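For reference, the structure is listed below as structure tokens.
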Amino acid sequence: MPPVFRFAPSPNGYLHLGHAYSALLNADLAQRSDGQMLLRIEDIDPARCRPEFEAAIYQDLGWLGIIWQQPVRRQSEHLADYRAALDRLRGLGLVYPSFESRAEIAKLVAEREADGAWPRDPDGAPLYPGTAKQLPESERTRLTGQGVPYALRLDMAAAVARAGELAWTEQGEGPLSERGRIHARPEAWGDVILARKETPTSYHLSVVIDDALQGVSEVVRGHDLFHATSVHVLLQHLLGLRQPVYRHHRLIADDAGHKLSKSTRATGLRELRAAGVTPADIRRRVGLSQDRLS
């Protein structure tokens, strides 16, 4: 089977140089290995995703000379797939609802930090500090019946106990230049959110379902997602999904050395194109050769 690569942007802003690097690298690797290049639109956030941003993604990638397989998978059209996966995890007793608001969680974290440092995940966010996992089923039923907003969380301790030791194959470079077989540490993330009342999936859940259903064999993405791979391989194991090979690449930074943002107009592909920058210029700026086989 030929390898399958994918580029999966969210239509919540215009693409920048960092997106161009990731998309071009995926396309180059697919070409070099006679593989397939997929495009996926990760549009599960209706509050931020807009049609004009999605249209711009197609325009920008086409301008870069990237060709992808059809049809494009749009996450908003496949919510039933995520619900089914969530139901399977529920059936394993690994999912529970938490009802605290963001403000209430922040207050709980502050209270716990008054007694010392509270653990944080690899991205620097505090781990979930609540006690919703201990709520009796009758109380959960009462709160959901009243329409109280909730987040569905993975019982990380139970999930890790069920899965045991996990690892993934890394062909790129993590933040500390890790390569080879990487020991997964999903417990570092605490009880991650898998869905919310108003949104039947999260990034962690949808990305592993999409990759599996699309037959993605090579996940090439920025090393800011290196540590999150621990959660993804855990979910793959729990759901019986094939684990792809991972290749985390360097991030393209601005002149100050900061990670690029969709709000950084100076590195936006639309702005650069309007200023007369060519696709070949883009390849040079992100450090890729002109033969598309870097």
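Annotations for the structure displayed:
- Residue in the range 233-240 that is part of a loop (DSSP other than H, G, I, E, B) and within 30 Å of GLU100 (Cβ to Cβ) present: no
- Filtered residues of the range 172-218 (kept if touching a Lys or Arg at 6+ places or on another chain (Cβ under 7 Å), in a strand (DSSP E or B) and either hydrophobic (A, V, I, L, M, F, W, C) or on the phi > 0 side of the Ramachandran plot (or both)): ILE193, LEU194
- The selection criterion, being over 24 Å from THR229 (Cβ atoms), surrounded by 13 or more Cβ atoms within 10 Å (Cβ to Cβ), basic (Lys, Arg) and within 22 Å of the chain's Cα centre (by Cα), holds for ARG50.
- Of residues in the range 172-187 being modelled with pLDDT under 95, surrounded by 15 or more Cβ atoms within 10 Å (Cβ to Cβ) and under 18 Å from the mean Cα position of the chain (by Cα), the one nearest to LEU127 (Cα to Cα): GLY174
- Among (1) at pLDDT 95 or above; (2) out of contact with any Lys or Arg (no Cβ under 9 Å at 6 or more places or on another chain) - the single one ASP115 does not satisfy: (1)
- Residues in the range 241-260 that are in contact with a helix residue (DSSP H, G or I) (Cβ under 9 Å, 6 or more places away or on another chain), more than 19 Å from ALA27 (Cβ to Cβ), in a loop (DSSP other than H, G, I, E, B) and not aliphatic (A, V, I, L, M): ARG242, GLN243, ASP254, ASP255.
- For ALA117: the one exception among (1) surrounded by fewer than 19 Cβ atoms within 10 Å (Cβ to Cβ); (2) closer than 30 Å to GLU139 by Cβ: (2)
- Matching residues in the range 240-276 - criterion: being buried (at least 17 other Cβ atoms within 10 Å of the Cβ) and over 16 Å from ILE182 (Cβ atoms): LEU241, ILE252, LEU260, LYS262, THR264, THR267, GLY268, LEU269, LEU272, ARG273
- Of all positions in the range 280-288, at least one carries a residue that is outside the structural domain of TYR96 (by TED's automatic domain parsing), surrounded by fewer than 20 Cβ atoms within 10 Å (Cβ to Cβ) and either of a type in the set (Ser, Thr, Tyr) or out of contact with any helix residue (DSSP H, G or I) (no Cβ under 9 Å at 6 or more places or on another chain) (or both).
- Condition check for TYR150 on (1) out of contact with any Lys or Arg (no Cβ under 7 Å at 6 or more places or on another chain); (2) farther than 26 Å from GLY240 by Cβ: one failure, at (1).
- In the range 4-39, the residues that are closer than 21 Å to HIS223 by Cα and either part of a loop (DSSP other than H, G, I, E, B) or not assigned by TED's automatic domain parsing to the domain that holds GLY268 (or both): ALA8, PRO9, SER10, PRO11, ASN12, GLY13, TYR14, LEU15
- For the range 220-232, the tally of residues that are of a type in the set (A, V, I, L, M) and surrounded by fewer than 23 Cβ atoms within 10 Å (Cβ to Cβ) stands at 2.
The values are calculated or read from the model by the stated rules, or taken from the named source; none is laboratory data. Owing to the predicted nature of the structure, the values given are computational and were not obtained by experimental measurement. Heads up, the Cβs are rebuilt from the backbone with ideal geometry, glycines too, and the neighbour counts pull from every protein chain shown.
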